[in-house]
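What follows is a single structure, written as structure tokens, with notes after it.
The values are calculated or read from the model by the stated rules, or taken from the named source; none is laboratory data. On a predicted model such as this, the values are computed, not experimentally measured, just so you know. FYI the Cβ positions are ideal-geometry reconstructions off the backbone, even for glycines, and counts take in every protein chain you see. Ligands, DNA and RNA are excluded from the accessible area calculation, which covers all protein heavy atoms including side chains. Shrake-Rupley method; radii C 1.70, N 1.55, O 1.52, S 1.80 Å.
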Amino acid sequence: MVSRELAHGIFWVGALDFDRRLFDELIPLPEGTSYNAYLIRGSEKTALIDTVDPSKEFELVSNLVKLGVDRIDYVIINHAEQDHSGTLPMILEFYPDAVVVTNEKCRDLLTALLHCPPETFKIIRDGDTLSLGDRTLEFFLTPWTHWPETQVTYLREDQILFSCDLFGFHMATSDLFITDEAAAYQSAKRYYAEIMMPFRGSIKGYVERVKGLPLSMIAPSHGPVNRRPALILDAYADWVSDAVKNEVIIPYISMHGSTQKMVEQLTDALIARGITVRPFNLTRTDIGELAKALVDPATVVIGTPTVLFGPHPQVVYATYLANVLKPKCRFASVIGSYGWGGKAVETIAKMLDHVKVELIEPVMIKGLPDEATTKALDRLADDILKKHKELNIT
Ligand code: FEO
């Protein structure tokens, strides 16, 4: 990997991971990812912003050596998760005089996760600054932009925000800067859904704060650098807002075809009422795509057969994920077919305790769908349309 210069004296020194396909052993990475670290040369001091995943530690060190970096004064750690901090121990071996600059919570986590010696830290608070001579770093604490210790770093003179996980996305590309804004938007939306959506309430305030800064670039720790910050700031303002869209998503499983038929009938009934619908067969769905689809819709309808006495286990998994991702949807319902009873609806309703949704009367049937099922699904489509009309989104 080769380092590249973002602006005079500011270098990308990170690593691209084209082959990685899973993050946190959970999140699919169809486009790989990058671990961005940045070197800033000031007239008096040199700072490294974040490090890289330990699997790529030699790439970071090699980039620094090739740039002739013989001294690092400060290593700024914006986030303790190991894809950004994991190479810190090696950096401190190569540059033993470097001071690690971060907030107190991040220091505590780095000490626990990497056994970094406490004497290597300089603790900063929200709004603190650090001079590199002709350049000034300013720190903003942004707890829960993934973990509770997260922060971002603003380089005042160059108007660059080093935002770590916030405003980034998983994409390995040889382009230093975003070149395809439409593709970047889609990847960023998926990333927002997977990582940031549970903290929507906090992130609203961070977006406003960042919008108030003079900004030439946002340099995140995943994905290419953004030279048109409005692209991501406007997208985030939309995603974190309370506004929902006239959309229904239907994650479902069907074992013998009955639930599938019901999903198809409901899909048609909703389309006929002018509502955007996206069914997701959970046996084939990329869970990241499902998360992304949860960002906007007003309503989620879960389709499930019963297995033993409750919902299908893959529906349980998807419902658990949807609950912890805390989408802003307002309504939920359940449809499906059972053989000898069961508690699918009760189980699913109980699992949605983090999502403030109103449950619209479900449609659960025994065996094959019939005419009564069609009527019941039409009633459900009518109910959904009525609820959406009350929100003025149709
Ligand atoms: Fe990219 Fe939360 O780590």
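One residue is enough: does the range 283-291 have a residue meeting the conditions assigned to a helix (DSSP H, G or I), among the charged types (D, E, K, R) and under 26 Å from E31 (Cβ atoms)?
The first filter runs over the range 283-291 and keeps only residues assigned to a helix (DSSP H, G or I), leaving 287-291.
Filter once more, so that each one left must be among the charged types (D, E, K, R): 289.
Now drop any that are not under 26 Å from E31 (Cβ atoms), which leaves 289.
Within the range 283-291 (the criterion being assigned to a helix (DSSP H, G or I), among the charged types (D, E, K, R) and under 26 Å from E31 (Cβ atoms)), the answer is yes, since at least one residue qualifies.
Out of P224, P220, P229, P251, report the one residue that is within 20 Å of the chain's Cα centre (by Cα), not assigned by TED's automatic domain parsing to the domain that holds E31 and not small (G, A, S).
P251
Name the residues in the range 183-217 that are farther than 22 Å from G127 by Cα and aliphatic (A, V, I, L, M), would you?
Correct list: A183, A184, A188, A193, I195, M196, M197.
Any idea which of (1) at positive phi; (2) surrounded by fewer than 18 Cβ atoms within 10 Å (Cβ to Cβ); (3) at pLDDT 95 or above is the one S43 doesn't satisfy?
So the condition that S43 fails would be (1).
Confirm whether D296 is closer than 30 Å to S202 by Cα and surrounded by fewer than 20 Cβ atoms within 10 Å (Cβ to Cβ).
Numbers: closer than 30 Å to S202 by Cα: yes; surrounded by fewer than 20 Cβ atoms within 10 Å (Cβ to Cβ): no.
In short, no.
Any idea which of I393, I348, I365 is touching a residue at least 60 places away in the same chain (Cβ under 8 Å), under 23 Å from H312 (Cα atoms) and open to solvent by less than 60 Å² (accessible area, probe 1.4 Å)? Step through it out loud before you land on a result.
On the way: I393 fails: under 23 Å from H312 (Cα atoms); I348 fails: touching a residue at least 60 places away in the same chain (Cβ under 8 Å).
Just one listed residue meets the conditions, I365.
Output the residues belonging to the range 178-204 that are within 16 Å of the ligand (Cβ to nearest atom) and over 18 Å from D19 (Cα atoms). Even if it seems obvious, please write down each step before you answer.
If we filter the range 178-204 for residues that are within 16 Å of the ligand (Cβ to nearest atom), which is where we start, we get 187-188, 190-199, 202-203.
A188, R190, Y192, A193, E194, I195, M196, M197, P198, F199, S202, I203, listed by residue number.
State which residue is surrounded by the fewest Cβ atoms within 10 Å (Cβ to Cβ) when the search covers only the range 106-132 and only residues that are in a loop (DSSP other than H, G, I, E, B) and out of contact with any strand residue (DSSP E or B) (no Cβ under 9 Å at 6 or more places or on another chain).
Here is the first cut: in the range 106-132, the ones in a loop (DSSP other than H, G, I, E, B) are 115-117, 124-128, 132.
Then keep just the ones that are out of contact with any strand residue (DSSP E or B) (no Cβ under 9 Å at 6 or more places or on another chain); that gives 115, 117.
Numbers: H115: 8, P117: 10.
Result: H115.
All but one of (1) closer than 30 Å to T87 by Cα; (2) touching a strand residue (DSSP E or B) at 6+ places or on another chain (Cβ under 8 Å); (3) away from the ligand (no atom under 16 Å from the Cβ); (4) not in a helix (DSSP H, G or I) hold for D175, so report the exception by its number.
Every condition holds for D175 apart from (2).
Working only within the range 26-44, note down all residues that are over 17 Å from C164 (Cβ atoms), more than 15 Å from the chain's Cα centre (by Cα) and not small (G, A, S).
Just the residues of the range 26-44 that are over 17 Å from C164 (Cβ atoms), to begin with: 26, 28-32, 41-44.
Within this subset, residues satisfying the condition of being more than 15 Å from the chain's Cα centre (by Cα) are 41-44.
Answer for the range 26-44, where residues must be over 17 Å from C164 (Cβ atoms), more than 15 Å from the chain's Cα centre (by Cα) and not small (G, A, S): R41, E44.
Out of the residues in the range 1-28 that are open to solvent by 70 Å² or more (accessible area, probe 1.4 Å) and among the acidic types (D, E), state the one that is nearest to the ligand (Cβ to nearest atom).
D24
Here is a check on your reading of the model: is T150 assigned by TED's automatic domain parsing to the domain that holds I10 and within 13 Å of the ligand (Cβ to nearest atom)?
Details: assigned by TED's automatic domain parsing to the domain that holds I10: yes; within 13 Å of the ligand (Cβ to nearest atom): yes.
Answer is yes for this residue.
Given the range 55-105, what helices (runs of 4 or more DSSP H) lie entirely inside it while holding 2 or more residues that are of a type in the set (A, V, I, L, M)?
On the way: elements: 57-66, 82-85, 88-94.
Ranges flagged: 57-66, 88-94.
Which residue out of L64, L48, L60 is in contact with a helix residue (DSSP H, G or I) (Cβ under 8 Å, 6 or more places away or on another chain), within 16 Å of the ligand (Cβ to nearest atom) and at pLDDT 95 or above? Break it down into steps so the answer makes sense when it comes.
Details: L64 fails: within 16 Å of the ligand (Cβ to nearest atom); L48 fails: within 16 Å of the ligand (Cβ to nearest atom).
None of the others qualify; the one that does is L60.
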